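Here is the structure we will look at.
The values are calculated or read from the model by the stated rules, or taken from the named source; none is laboratory data. Here the structure is a predicted model, which means the values were calculated and not measured. Here the Cβ positions follow ideal geometry from the backbone for every residue, glycine too, while neighbour counts run over all protein chains shown. Ligands, DNA and RNA are excluded from the accessible area calculation, which covers all protein heavy atoms including side chains. Shrake-Rupley method; radii C 1.70, N 1.55, O 1.52, S 1.80 Å.
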Amino acid sequence: MAKEHRKMAPLELLKRILFITIGAVLMGVALELFLVNNEVIDGGITGLSIMASALTHLPLGLFIILFNLPFLFIGFKQIGKTFAFSTLYGIVVMSATTQLLHHVDPFTEEKLLAVLFGGIILGAGVGLVIRYGGSLDGTEIVAILAAKKFGMPVGQIIMIVNVFIFVLAGFVFQWDSAMYSMVTYYLATKVMDIVVEGIEESKSVTIISHSYEEISETIMTRLGRSTTYIQARGGYSREETQMVYCVVSRLEVAKLKAIVQEIDPKAFIAIEHVSDVLGGNFAKKEIH
C-alpha cells in the first residue's frame, strides 16, 4: 500500500525556505546588478521576461511572474503541490529582488565581467533552489512533461527552447549580446550542476573477479570503505559469482584500481560517476 504524503518537519521546512530565499535573491542580484543592464539575458522564461521588459519598459518582475504562472499551474497538477509552492515562493522572492534592485547601478558595465560574475551568481542561485525542491523557471516544468510525451531527453528539450530564445535576443538587442548570453547560460549551468550535485565527486565501482572475498576485505582494510556483494551469473560461462560494489572519492580511485589489479590482474572493473551519496555508511573508516 502506498504511503501518504509525509508532512515536512518544521526544521526541514525552515531550511528549505531559507535556502530557496537565498537562491532566489542571488538570481535577482545576478539579473539586475550584472546582466540586464548589460543587455545579457538568461535562458528560458527569464530570458523572455527580460526581452519583454526591454520592449515595454515595464518591470522585469511583473513579466517573470506572469509568464511563469501557467507553468506553475501545470507543475501543481502534474508534479506536486510541494514543488509548485516552492517554485512559486522562489519566483516571487526573485521578482521582488529584481524590483528592489531595479534602480541600483550595475556593479560593472564591462560585458565580459558581467557575464563571468553574473553567470556564476546566477548558477549558484538556481542550483540552491533546485537542490531544495523548487525551480525558478517554468521551462524546466515544460521540458519534464514534454520529455515524457515525446521520449526526448529533458536537457535536449531545454537546449532547443533556449536556442530559439537566444536567437530572438539577437533581434531584440544585438547579436553580440545574444552570444554573451549563451556564454552566461553555459557558465550558469556548470555552476548550477556543482551546487546541485555537490563539489565532492564520488565514484561507484563494480568489480567482477573470482577473488571477490579477498578484494572486498582488502578494500575495507586498506581504503577504509565498506563494500557490498551483489549476486551475479556469467552470461557466457553461466557460473555463479559475486560482484563487489563500493563507493569511493575520486582521489581513492587510483588506489582502489591498484589494489584490485594487485590481487587479480584479470578482474573486470567498472567505474561510474555518482552525483550524490545519501544514507548508508559512506563515512570513511580509520585505516591506520
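A simple rule links phi to the HN-Hα coupling: the Karplus curve 6.51 cos²θ - 1.76 cosθ + 1.60 with θ = phi - 60°, which for segment 84-93 gives 5, 5, 4, 5, 4, 4, x, 5, 5, 5 Hz, with x for Gly and Pro.
Kindly express, to the nearest 10 degrees and within the range 0 to 90, the angle between helix 10-30's C-alpha long axis and the longest C-alpha principal axis of the chain. Roughly 50 degrees between the two axes. Here segment 211-231 is scanned for amide nitrogen atoms under 18 Å from the site 7 Å beyond the Cα of Glu240 along Cα-to-Cβ, giving 211-213, 229-231. If the chain linking Thr206 and Glu272 were pulled fully straight, counting 0.36 nm for each residue of separation and taking away their Cα-Cα distance, it would gain 22.9 nm.
In the chain, the convex hull through the Cα atoms has an average projected area of 20.7 nm², a quarter of its surface area. A Förster radius of 30 Å combined with the Cβ-Cβ distance from Ile22 to Gln156 puts the calculated FRET efficiency at roughly 0.50. How far is helix 44-56 tilted off the main Cα axis of the chain, in degrees rounded to 10, range 0 to 90? It works out to around 10 degrees. Using the average count of surrounding beta-carbon atoms within 10 Å as a protection proxy, the listed peptides 162-175, 236-249 rank, highest first, as 162-175, 236-249. Rolling a 1.4 angstrom probe over the chain with all protein chains present gives an accessible area of which 64% lies on carbon and sulfur atoms. Using the rule -39500 (n - 2.57) for each DSSP H run of four or more residues, divided by the residues of the chain, the 222 nm mean residue ellipticity is -20000 deg cm²/dmol.
Full extension of the chain between Lys255 and Thr82 yields a length gain of 58.0 nm, computed as 0.36 nm times the residue separation minus the alpha carbon distance. Taken per residue, the accessible surface of the chain reaches 58 Å², heavy atoms only and a 1.4 Å probe.
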